[in-house]
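Take a look at the following structure, please.
Bear in mind these aren't lab numbers, they're just calculated from the coordinates by the rules spelled out. Nothing here was measured: the structure is a model prediction, and the numbers come from that model. A quick note on method: Cβ atoms are made from the backbone with ideal geometry, for glycine too, and the neighbour counts reach across all protein chains shown.
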Amino acid sequence: MRIIDRPNKKGGTRTAKAGIVLVAAALGALLFLCPAASAQQRTIVLDPGHGGLDVGAKGKFGAVEKDVVLAISLKLKALIESNLDYRVVLTRDKDMDVSLENRAALANNNDAAVFVSLHANGSFRKKAHGSETFFLSLNSTDEESRKLAYQENTAAGVGDRIVEDDKNLIQMILWDMAQSAYVRQSSRLAEIIQRELNVLLATENRGIKQADFKVLRGVACPAVLVEAAFISNPEEEQRLIDDAFQARVADAVFRGLSAYLRLLRRD
Amino acid sequence: MAKFRTPLVILLAVLLVGLVYLFIASISPERIANRAETPETPADVALLAEETRTVTLFFPREDDGLFVPETRSIPASGSIAQEAEAVLNELIKGSSKGLPSALPPEAKVGQVFVTKDGTAYADFSKDLVVAHPSGSDAETSTVFAIVDTLAFNFKSIKKVFILVDGEEKETLNGHVTLDRAFTPDFSLVAKD
Ligand SMILES: [Zn+2]
């Protein structure tokens, strides 16, 4: 048994080193391939939250988040395409299930300049109201422990099978870290969009916040998640199903995006 | 080797008999009868009081969602896992002061397991997800009500991994990631 064990252990350490090099190389490639919206990049990915079986938050009068955010996203797409020189890709253009990973993948596969996930908020508190914009929060210690776990796993070396596992693990680590390179730009984008929401919606300013939203994690470009009003609040639910209000949300995000893209071009 | 075996066996037998005697004595009918009676003397009340522990629960307040503390008493079992389960059960029961609850009342606590490095794995029935209203705000409240409450009451709990039906979930209900352990965020506790 020992004789079989030893080469495996060596192999494991080698795999670990190779793994680290791979992670570093791939991260480098990721940064190189996805610079912050250079002149050639002309795609904005809009992500209407939820869809299909996942209805999202629900209102007292029967409105559901997935419908409201799709309506807003379609309006926003039209606004962008008729006013800006950008192509818009929607993660869904009808009521259907789309996994959170596929939403991020769509942004990455299209070399998106910007990714905006659109939501309406839901709360346990009946009176909760207002709009806010999120960008990803990074838990650095957690990433550290993930990397550590990865190193330990590979160093342990339990035979040839681990090689396949390594690949998955590397992909997982990479995927989880994609947004980390863009957090500063994402915070800037969140700030600019939030400012427009405050001006146009007359909903309470809940500010910009950081949260660990799965959908933002794997996106390799500036990415934010907009929570326009609370569908769980009956008053705001009425506004959210109103066509004019939806158009104002779309307009606010559009203005925020335009301002952000202008800033990028100036840099 | 064989020489040592006989005395060892005798020693073990004596120990075993002693233990069995102690066990039987501890559950003698007299004691069982005493336990069944309602405590009357102050001494008995004090004894019962010793067996409970005061814990702090966090509930979001209506106007801004910041957590406010509420105290409860739970049986003090001495086991962190058991006490943590009791704390989470109290959290699910909801506020006694009429504050909104951050967990759906349908949710049930499975087991809590605390690792040496201070990560608590808190398992809930799938009702935590199925009966959840969804929404960023609601999901954030749920996660941090659980994490802050556990970390506040148990010094050895540094972070909390929330499981559903014994398994890791991608998100709570479409927004907040559940595939990692959360460290507490006490900035969500109201300062006034
Ligand atoms: Zn949502």
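Under the rule of at least 5 residues apart or a separate chain, name every residue whose amide H is placed under 5 Å from the amide H of B:Arg53.
Those qualifying (amide H under 5 Å, at least 5 residues apart or on another chain) are B:Ile74, B:Ala76.
Report the full-extension gain for the segment B:Val189 to B:Lys155: residue separation times 0.36 nm, less the Cα-Cα distance, to one decimal in nm.
10.5 nm
Within a Cβ distance under 10 Å of A:Asn110, other residues only, what is the Lys/Arg minus Asp/Glu net charge?
Spelling it out: positives minus negatives among the neighbours equals +1.
Here is a further query. Please list the non-local residues whose amide H lies under 5 Å from the amide H of A:Ser117, H modeled 1.01 Å from N, same-chain partners needing a gap of 5 or more.
It is A:Asp47, A:Val224, A:Leu225, A:Val226, by chain and number.
Roughly what % of DSSP beta bridges within the range B:47-188 run antiparallel, to the nearest 5?
75
When Cβ neighbours within 10 Å are restricted to other protein chains, what is their mean count per residue of peptide A:205-215?
Working: counts 0, 3, 0, 0, 2, 0, 7, 10, 8, 9, 4.
Taking all residues of A:205-215 together, the mean is 4.
Shape verdict for the range B:47-188, please, from the Cα gyration tensor: rounded (a/c under 1.5), prolate (a/b greater than b/c) or oblate.
Since a/c reaches 1.5 but b/c is at least a/b, the shape of the range B:47-188 is classed as oblate.
Per-residue counts of other Cβ atoms within 10 Å, averaged by peptide: what ranking do you get for A:44-53, B:89-98, highest first?
A:44-53, B:89-98
Tell me the net charge near A:Ile80. Cut-off is 12 Å between Cβ atoms, A:Ile80 excluded, with +1 for each Lys or Arg and -1 for each Asp or Glu.
Result for the neighbourhood of A:Ile80: +2.
Now, a different point. Based on the mean of other beta carbon atoms within 10 Å per residue, what is the order of B:55-67, A:64-76, A:124-136, most packed first? Walk me through the numbers before you get to the answer.
Details: B:55-67: 19.7, A:64-76: 24.2, A:124-136: 22.5.
Per-residue Cβ counts within 10 Å, averaged per peptide and sorted highest first, yield A:64-76, A:124-136, B:55-67.
Please report the equivalent ellipsoid semi-axes of the range A:187-260, computed as sqrt(5 x eigenvalue) of the Cα gyration tensor, largest first, in whole Å.
Working from the Cα gyration tensor, I get semi-axes of 22, 15, 11 Å.
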